[in-house]
Ligand code: ASP
């Protein structure tokens, strides 16, 4: 059995966290691949190593000394080394990097060192072999991960060394240059490693005991989600529930590998298990819905014209939105009207141009713009093909005086998304939670 354990920044923030990681890794010999983020925040006033490195680069670019920041990076790493009694000469390695810094230093190369140094310390502490991501996470010339080459490289590293630590977040381009992923990218490295070796499970260790059914800033003490499918997670993540880097899902999902979100500070908690499908027959899912998430600040643009050819006008309208890079989230269609929902921020000042273009193309009787709309998604695999679900949902909202502006149901019926006014956003989530999960 092989388990890939990825530890996020807060899990490797300092020596105390390193100790927790070691206890977790030592507790199960199947945890043969460890992927580490860069040391994160130890407390509220602290900084992530990655942020400090980005800041360093900005200083150099503008010709401002970054000595103070560099000193705090060095101190942080040497501190972990000393507290854990390790022998790695991390001070000299950091100094060598710092002495080479100049205006031409690539930002990717510099910020990748957060993961690089943290993982080197972790490898020594765990007694695992350090395998540089530059040697096993390989990008193609198009800037995308070359999965085949990456999988082969990770597989042979594991075969050669048996227990390895790979730094997350970066890899190498065919030109030999380091390339970093987008923020939070260590999740992707973990997923690639799990897919490469056909791991039995991909454990993503963080500082929360899994995904909650709703945002705890809105709902008091929301219940944790024990099991969720990849499809449900994608719906929730798209609607604002942030847990994992979205690109980390595909590699494991494709291979049918389950992903377990775990809490480094509470390893006794089982966390959230993300799977391809759930065997409902076994009564594994006790709740009707899996989670509720939402996003604020959408705009609805309603176009009305008597006897219009809706299909043709809709096509023109979509082309206009596309031209102004405003993604259409929802479409409501009537006989003589249609409404498009888009993110207010994405539309920006283009809203006037969009209206002008629309007036030219569609020649409508009326165009109406309403800002300040929130979308709230209720997600649950059990909802599909269950008569009466939307009725219950609308009834709950209606009884609480919440007006629904738009309604959309995913084609697979695992989500129902309603558009409400921003002022009703939090209340809508609370009402739905109480109705279906409380
Ligand atoms: N250290 C990087 C970040 O802060 C990548 C990661 O932690 O996954 O975004």
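The values are calculated or read from the model by the stated rules, or taken from the named source; none is laboratory data. This is a predicted model, so every value here is computed, not measured. As a convention, Cβ positions derive from the backbone with ideal geometry for all residues, glycine included, and neighbour counts pool all protein chains shown.
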Matching residues in region 1-23 (outside any helix (DSSP H, G or I), more than 17 Å from residue 73 (Cα to Cα) and out of contact with any helix residue (DSSP H, G or I) (no Cβ under 6 Å at 6 or more places or on another chain)) number 5
Flag if residue 332 is more than 29 Å from residue 436 (Cα to Cα), modelled with pLDDT under 90 and surrounded by 16 or more Cβ atoms within 10 Å (Cβ to Cβ) = no
Checked region 175-188 for anything surrounded by fewer than 14 Cβ atoms within 10 Å (Cβ to Cβ) and within 18 Å of the chain's Cα centre (by Cα); matches are 182, 183
inquiry  = within 16 Å of the ligand (Cβ to nearest atom), in contact (Cβ under 8 Å) with a residue 60 or more places away in the chain and within 23 Å of residue 129 (Cβ to Cβ): is that true of residue 145 in this structure?
reply    = no
Of the conditions (1) crowded, with 20+ Cβ neighbours inside 10 Å; (2) more than 21 Å from residue 422 (Cβ to Cβ), the single one that residue 359 does not satisfy is (1)
Taking region 219-249 and keeping residues within 16 Å of the ligand (Cβ to nearest atom) and at pLDDT 85 or above leaves 244, 245, 246, 247, 248, 249
Does any residue of region 38-56 turn out to be buried (at least 20 other Cβ atoms within 10 Å of the Cβ), farther than 18 Å from residue 9 by Cα and in contact with a helix residue (DSSP H, G or I) (Cβ under 7 Å, 6 or more places away or on another chain)? yes
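Whether any residue in region 51-70 is farther than 24 Å from residue 183 by Cβ and part of a helix (DSSP H, G or I) is what I want to check. Explain how you work it out, then say what you get.
Keep residues of region 51-70 that are farther than 24 Å from residue 183 by Cβ, which gives 63, 65, 67.
In the following step, the residues that additionally are part of a helix (DSSP H, G or I) were identified as 67.
Yes, region 51-70 contains at least one residue that is farther than 24 Å from residue 183 by Cβ and part of a helix (DSSP H, G or I).
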Reported set for region 232-273 where residues are assigned to a strand (DSSP E or B) and over 14 Å from the mean Cα position of the chain (by Cα) is 258, 260, 262, 263, 272, 273
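If you check 378, 344, which single one turns out to be under 18 Å from residue 238 (Cα atoms), within 27 Å of the chain's Cα centre (by Cα) and surrounded by fewer than 21 Cβ atoms within 10 Å (Cβ to Cβ)?
Numbers: 378 fails: surrounded by fewer than 21 Cβ atoms within 10 Å (Cβ to Cβ).
One residue alone meets the criteria, 344.
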Considering region 24-39, residues that are away from the ligand (no atom under 16 Å from the Cβ), in contact with a strand residue (DSSP E or B) (Cβ under 7 Å, 6 or more places away or on another chain) and in a loop (DSSP other than H, G, I, E, B), and then whichever is nearest to residue 153 (Cα to Cα), we arrive at 30
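Confirm whether residue 44 is in a loop (DSSP other than H, G, I, E, B) and either touching a residue at least 24 places away in the same chain (Cβ under 8 Å) or over 31 Å from the mean Cα position of the chain (by Cα) (or both). Give the derivation first.
Details: in a loop (DSSP other than H, G, I, E, B): yes; either touching a residue at least 24 places away in the same chain (Cβ under 8 Å) or over 31 Å from the mean Cα position of the chain (by Cα) (or both): no.
The answer is no for residue 44.
Given the criterion touching a strand residue (DSSP E or B) at 6+ places or on another chain (Cβ under 7 Å), assigned to a loop (DSSP other than H, G, I, E, B), under 30 Å from residue 228 (Cα atoms) and at pLDDT 90 or above, identify the matching residue among 292, 373, 402.
Working: 292 fails: assigned to a loop (DSSP other than H, G, I, E, B); 373 fails: assigned to a loop (DSSP other than H, G, I, E, B).
The unique qualifying residue is 402.
Please count how many residues of region 175-191 are assigned to a loop (DSSP other than H, G, I, E, B), closer than 20 Å to residue 130 by Cβ and either touching a strand residue (DSSP E or B) at 6+ places or on another chain (Cβ under 6 Å) or within 9 Å of the ligand (Cβ to nearest atom) (or both). It would help to see each step written out before you state the result.
Here is the first cut: in region 175-191, the ones assigned to a loop (DSSP other than H, G, I, E, B) are 175-177, 181-185.
With the extra rule that they be closer than 20 Å to residue 130 by Cβ, the set shrinks to 176, 181, 185.
Checking the rest, the ones that are also either touching a strand residue (DSSP E or B) at 6+ places or on another chain (Cβ under 6 Å) or within 9 Å of the ligand (Cβ to nearest atom) (or both) come to 181, 185.
Qualifying residue count, region 175-191: 2.
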